[in-house]
Every structure is written in C-alpha cells, then in structure tokens.
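See structure below.
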Amino acid sequence: MDQNARIYIAGHRGLVGTALMRNLRAKGFANFVTRTHAELDLTSQAAVEAFFAAEKPDYAFLAAAKVGGIHANNTYPAEFIRDNLAIQTNIIHAAYKNDVKRLLFLGSSCIYPKLAPQPMKEEHLLTSELEPTNRPYALAKIAGIEMCWSYNRQYKTQYLAVMPTNLYGPGDNYHPQNSHVIPALIRRFHEAKLANAPSVTVWGSGTPKREFLYSEDMADACVYLMNLPDDKFIPLLGQDRNDGLPPLMNIGVGHDLSIRELAETVKNVVGFAGTLEFDASKPDGTPRKLMDVGRLNAMGWKATTDMREGLAVAYRDFLDCRKTG
C-alpha cells in the first residue's frame with residue numbers, strides 16, 4: 001500500500017478497528033477515511049454506495065460487524081445474521097463499483113465446523129456442521145468469504161478474507177451480558193474484587209479449549225497481508241479457480257488453553273483473591289477451536305505478544321474505561 005493511499009476502515013472504533021488504526025499510523029499511514037455509526041449506517045445500501053462514490057478509498061478494511069459472545073448470539077440471532085449480511089454485502093459491492101484496489105474482510109474462527117479437526121485449516125471450511133449457538137453469525141461470515149471469492153473470480157478484484165481467532169485487547173466491549181469471554185471475565189473478577197466476594201462463577205464446565213490473540217498482533221498480521229507484493233498476494237485470492245480453497249487466511253497464535261486455565265490467568269492479572277467455580281448447566285460451545293496458522297507463519301508472520309502481558313494491558317484499558325464513564 002502506498003503511504004498516501006486513502007484507507008477506509010469500517011468499524012474503526014471497535015476492538016479490531018482501533019488496533020488497525022494504531023498499527024497503520026505506526027507504519028506511517030495517515031490518509032484515513034472513517035465514519036461513525038451515527039454518520040454512516042452500513043446496513044443501508046444507498047448510504048454505503050453514496051459514501052464510496054464520494055470518498056473513493058484505495059483500500060478497505062472491513063472490520064465492522066455485529067459481534068458478541070454465546071449469550072448475545074443466542075438472544076439476538078436475527079440481528080446477527082441480518083445486520084452482518086447487510087454490512088458486508090453493501091461494502092464489498094460498493095468497493096467493487098468504486099475500484100477499491102484491495103479489501104480485507106475480517107471474519108471469525110466460528111466459521112469452522114463445531115467438530116473440525118484440530119488445529120483448523122482453511123480447507124476445513126464447510127466440511128461439516130457448525131456450532132448451533134453462533135450459527136447465524138457464522139453463516140453470515142461464510143457468505144462474506146464466498147462473496148469475496150465470487151467477486152475475485154468474476155471481476156478480478158483483490159479481496160482477501162482473514163479469520164482471526166478469539167481476540168482481546170484495548171478497546172474491547174465490557175458489557176455484562178453481550179461481551180466475549182475475556183472482557184466478561186475481566187469485568188466479573190474486577191467487580192468481585194471490589195465487593196470482596198468469596199467466589200466468581202464462570203459459565204460452563206471450564207474444559208473447552210480456546211486460542212486467544214492479542215488485538216495488536218491481529219492488526220499487524222492484517223497490515224502485513226495487505227502490504228504483500230502482487231506476486232504473493234494475488235495467488236491467495238482464488239481468482240482463477242473454484243477448487244475448494246477460498247481466499248482465506250487464518251490468523252492466530254497456534255496454541256490454546258482451557259477456559260479454566262484462562263479464568264485462573266485473568267483472576268491473577270486482576271488480583272481477585274477468592275475462589276473460582278464453574279456452572280456446568282450453562283453451555284460450553286465448541287469443545288475446541290485452535291487455528292492452524294502454518295500458511296501465515298510460512299509467509300513470514302508470527303504473533304509475538306505473551307498472553308499475560310496482553311491481559312495486563314487489557315485490564316488497564318478496562319480500568320481507564322471505568323474512569324471515563
């Protein structure tokens with residue numbers, strides 16, 4: 001990407017978008033095109049097309065999405081499929097109509113089957129059933145990957161989908177019901193610490209295993225991929241084939257830990273002195289979700305942030321959010 005290129009980041013205020021902005025700025029990029037949700041409704045086709053026609057970005061990072069944990073996915077399935085389909089359809093088509101050079105579509109590891117072989121490779125997409133608790137969201141993201149692939153084949157666009165594993169870091173959502181597991185645990189342990197509670201209860205059995213990626217590492221991988229030269233980037237796009245491997249790249253750390261181990265680590269970072277209990281009547285979700293990141297590692301990129309170090313930054317960010325209201 002040229003340093004002066006106009007870069008649109010959809011969802012620039014979220015966990016992913018803010019990390020992308022920081023990474024790009026650190027690398028010398030400054031010509032950003034952004035709109036808040038109040039300024040641009042990404043579910044409106046007319047609004048999105050007018051925006052692209054007026055601003056003409058050179059590159060686009062599609063990080064805007066309706067996201068949440070198990071509770072949110074179970075409670076709002078209609079919104080999760082409707083809003084995500086609308087957002088990505090509008091942006092991908094408007095990018096094509098306005099000659100965006102490259103687009104990076106960010107998905108989620110939940111696109112892979114519930115019982116996919118571990119670690120999960122890109123070619124495991126659509127090989128068996130999805131996890132029911134987040135199927136509407138997963139199907140929307142799968143549709144986005146297929147849309148990128150279809151536009152690449154028909155119009156020779158350069159749209160790449162990346163699938164980050166579970167993310168955490170500064171700028172996360174700490175909502176008591178609708179947040180992901182790490183921000184939810186940070187909030188719960190912090191509030192229990194303030195209340196001198198004797199214990200904290202965590203949903204599920206604690207046995208499922210998950211992989212977690214620090215948001216700053218995720219952003220660095222995304223920018224690394226978008227900056228690849230044509231001879232390395234174009235072969236990833238599936239422009240001339242329909243062989244089962246879509247324009248898809250996993251982003252992760254390549255190792256995982258159990259929810260019990262995660263909870264113990266967050267508990268220690270927050271400084272909660274009580275005990276840990278598990279409510280096995282609550283859903284566990286997928287038994288294991290570990291990314292195979294061999295393709296990305298072979299291209300020259302690897303995650304570098306230690307999890308305890310990343311959690312400490314995330315906890316400081318949570319405390320700052322509490323102070324600012």
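Read-outs: derived from the displayed coordinates by stated rules, not from any lab. The model shown is predicted, which means the values in this text are computed figures rather than measured ones. Neighbour counts run over all protein chains shown; Cβ positions are idealised from the backbone, glycine included.
Quick notes on this structure:
- Working ranking of peptides 259-266, 277-284, 44-51, 55-62 by packing, defined as the average number of other Cβ atoms within 10 Å per residue, highest first, is 55-62, 259-266, 44-51, 277-284.
- Of Thr201, Met291, Thr304, farthest towards positive along the dipole that unit charges on Lys, Arg, Asp, Glu beta carbons give the chain: Thr201
- Cα-only Debye scattering, the range 20-115: base-10 log of I(q)/I(0) at q = 0.18, 0.25 Å⁻¹: -0.94, -1.38
- For the chain, DSSP calls about 5 percent of its internal beta bridges antiparallel.
- Each label was represented as a point 7 Å from its Cα along the Cα-to-Cβ direction; for Ser44 and Lys302 these points are 4.8 nm apart.
- Across the range 191-281, C-alpha contacts under 8 Å between residues 6 or more apart give a mean separation that, scaled by the residue count, equals a relative contact order of 58 percent.
- Rounded to the nearest 20, the Cβ-based charge dipole of the range 181-325 about its Cα centre (Lys and Arg +1, Asp and Glu -1) stands at 520 debye.
- Angle in degrees between helix 259-270 and the longest Cα principal axis of the chain, rounded to the nearest 10: 80 degrees
- Dipole magnitude of the chain about its Cα centre (Cβ charges: Lys, Arg +1; Asp, Glu -1), debye to nearest 20: 280 debye
- Between helix 135-155 and the chain: long-axis angle, C-alpha atoms, 0 to 90°, nearest 10: 20 degrees
- q = 0.16 Å⁻¹, the range 200-325: log10 I(q)/I(0) [Debye, one scatterer per Cα]: -0.94
- For Thr305, net neighbour charge (Lys/Arg +1, Asp/Glu -1) across residues whose Cβ lies under 9 Å away: -4
- Put a dot 7 Å past the Cα of Lys97, heading toward its Cβ, do the same for Lys156, and the two dots end up 2.2 nm apart.
- Divide the volume of the convex hull around the Cα atoms of the chain by the residue count and you get 128 Å³ per residue.
- Difference of contour (0.36 nm per residue) and Cα-Cα distance, Asn227 to Thr36: 66.2 nm
- Counted by Cβ distance under 15 Å from His255, the other residues give a net charge of 0, where Lys and Arg count +1 and Asp and Glu count -1.
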